[in-house]
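Chemist: Could you have a look at this structure, given as structure tokens, before my questions?
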Amino acid sequence: MKADDLKTKTADELKKMLLDLRKEQFNLRFQKNGGSLDNTAQMRKIRRTIARAKTFLNTKTREEAAKGKKKAA
């Protein structure tokens, strides 16, 4: 998934996407250990997509917190 796609998503959408990616990573791990995983590069792609999604989620939550502080002040 591209970074441009993640920028437009809301925090809730990113959380749901992160949950789905974690489930997919879990399934890929089982396939790898069972010996039925054909495309091993997919593990790396999922891991990096998870990191990218977590980065954007963290950025969104920080922005929301900063907006909350400005309104309170």
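Results for (1) out of contact with any Ser or Thr (no Cβ under 8 Å at 6 or more places or on another chain); (2) of a type in the set (S, T, N, Q); (3) on the phi > 0 side of the Ramachandran plot, shown as yes or no for each residue.
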site	(1), (2), (3)
Ala3	yes, no, no
Lys15	yes, no, no
Leu21	no, no, no
Gln25	yes, yes, no
Ala53	yes, no, no
Phe56	yes, no, no
Gly68	yes, no, no
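Chemist: Return the only residue of Met17, Met1 being within 24 Å of Lys60 (Cα to Cα), surrounded by 11 or more Cβ atoms within 10 Å (Cβ to Cβ), touching a helix residue (DSSP H, G or I) at 6+ places or on another chain (Cβ under 8 Å) and at pLDDT 95 or above.
Modeler: Met17
Chemist: Could you please give the count of residues in region 46-73 that are surrounded by fewer than 15 Cβ atoms within 10 Å (Cβ to Cβ) and either aromatic (Phe, Trp, Tyr) or farther than 15 Å from Asp5 by Cα (or both)?
Modeler: The qualifying residues number 15.
The values are calculated or read from the model by the stated rules, or taken from the named source; none is laboratory data. Source: prediction; values computed, not measured. Every residue, glycine among them, receives a Cβ derived from its backbone with ideal geometry; neighbour counts consider all protein chains shown.
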